[in-house]
Amino acid sequence: GAVVSQHPSWVICKSGTSVKIECRSLDFQATTMFWYRQFPKQSLMLMATSNEGSKATYEQGVEKDKFLINHASLTLSTLTVTSAHPEDSSFYICSARGRGVEKLFFGSGTQLSVL
Amino acid sequence: RKEVEQDPGPFNVPEGATVAFNCTYSNSASQSFFWYRQDCRKEPKLLMSVYSSGNEDGRFTAQLNRASQYISLLIRDSKLSDSATYLCVVVLNTGGFKTIFGAGTRLFVKA
């Protein structure tokens with residue numbers, strides 16, 4: 001099956017620093033990528049949808065200037081959490097979909113802890 | 001009303017039990033349906049697709065009722081390893097695919 005690689009798996013950073021998370025589709029062209037956030041014992045929350053070569057569409061309540069998403073190629077999307085604060089600590093997951101394909105393929109997630 | 005609603009959990013069952021999860025969706029234009037499984041601090045993994053004719057994969061049976069806008073997942077002979085959160089997922093085709101996740105139902109299988 002299709003593989004989506006997400007890095008890093010976990011990151012600990014100081015408050016105020018920026019953190020970049022990468023999501024790569026390894027064996028298919030990901031025309032659309034999604035970024036989610038999940039707090040403990042809660043459901044996945046869609047943050048934004050990005051289509052290759054265009055600006056990301058953010059869900060209501062998600063600050064686009066804080067969560068920068070870049071989807072510059074058909075195999076790579078990045079999420080940068082800028083000036084991270086402890087309340088940004090969460091599990092971030094990406095998923096990807098190929099053209100005309102309904103199924104989503106997920107990255108393995110990134111646990112972010114901001115001290 | 002949420003677009004996809006699932007049974008509130010958690011479900012606590014003994015090993016060997018049969019457990020059923022229910023899910024309803026509100027948009028009649030929903031096109032495709034899936035059950036995903038998510039372990040703690042892991043990514044969701046596709047468990048099975050759901051078809052109107054019903055489909056079975058070992059101990060797991062999924063069923064779709066389009067008229068009632070209802071999806072189910074049945075797990076027979078529960079194993080300890082079945083403990084996880086089960087997510088009901090609905091895909092709309094509105095010019096592009098839109099994926100909607102249910103909040104998930106937690107299952108605990110105990111010895």
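The values are calculated or read from the model by the stated rules, or taken from the named source; none is laboratory data. For clarity, every value in this text was computed on a predicted model and none was experimentally measured. Glycine also receives a Cβ, built like all others from the backbone with ideal geometry; neighbour counts cover every protein chain displayed. We work out accessible area using only protein heavy atoms, side chains counted, and drop any ligands, DNA or RNA first. Shrake-Rupley method; radii C 1.70, N 1.55, O 1.52, S 1.80 Å.
Some observations on this one:
- Filtered residues of the stretch A:96-115 (kept if under 14 Å from A:Pro8 (Cα atoms) and not in a strand (DSSP E or B)): A:Gly107, A:Ser108, A:Gly109
- Residue in the stretch A:46-65 that is farther than 22 Å from B:Lys98 by Cβ, within 13 Å of the chain's Cα centre (by Cα) and either away from chain B (no Cβ under 14 Å) or surrounded by 13 or more Cβ atoms within 10 Å (Cβ to Cβ) (or both) present: no
- When A:Ser73, A:Ser77, A:Ser83 are screened for being under 9 Å from A:Cys23 (Cα atoms), of a type in the set (Gly, Ala, Ser) and either more than 14 Å from every other protein chain (Cβ to nearest Cβ) or within 10 Å of the chain's Cα centre (by Cα) (or both), only A:Ser77 passes.
- For the stretch B:10-36, filtered to residues that are under 14 Å from the mean Cα position of the chain (by Cα) and closer than 20 Å to A:Val101 by Cβ, the residue that is nearest to the other protein chains (Cβ to nearest Cβ) is B:Ser32.
- Strands (runs of 3 or more DSSP E) (entirely within chain B) containing at least 3 residues that are crowded, with 20+ Cβ neighbours inside 10 Å: B:19-25, B:30-38, B:70-75, B:84-93, B:105-110
- Within the stretch A:96-115, restricting attention to residues that are within 18 Å of B:Pro44 (Cα to Cα) and of a type in the set (Val, Ile, Thr), the residue that is surrounded by the most Cβ atoms within 10 Å (Cβ to Cβ) is A:Thr110.
- Among the residues of the stretch A:77-95, just one is open to solvent by 40 Å² or more (accessible area, probe 1.4 Å), outside any loop (DSSP other than H, G, I, E, B) and touching a residue at least 40 places away in the same chain (Cβ under 8 Å), namely A:Pro86.
- Residue within the stretch B:49-58 that is more than 14 Å from chain A (Cβ to nearest Cβ), touching a residue at least 24 places away in the same chain (Cβ under 8 Å) and of a type in the set (Gly, Ala, Ser) present: no
- Checked against the criterion of being at the interface with another protein chain (Cβ under 9 Å from one of its Cβ atoms) and under 23 Å from B:Pro10 (Cα atoms), the candidates B:Thr85, B:Thr105 yield just one match: B:Thr85.
- When restricted to residues that are among the β-branched types (Val, Ile, Thr) and touching a Lys or Arg at 6+ places or on another chain (Cβ under 6 Å), the stretch A:60-92 contains 4.
- Number of positions in the stretch A:17-43 that are open to solvent by 20 Å² or more (accessible area, probe 1.4 Å) and either part of a loop (DSSP other than H, G, I, E, B) or over 15 Å from B:Phe97 (Cα atoms) (or both): 16
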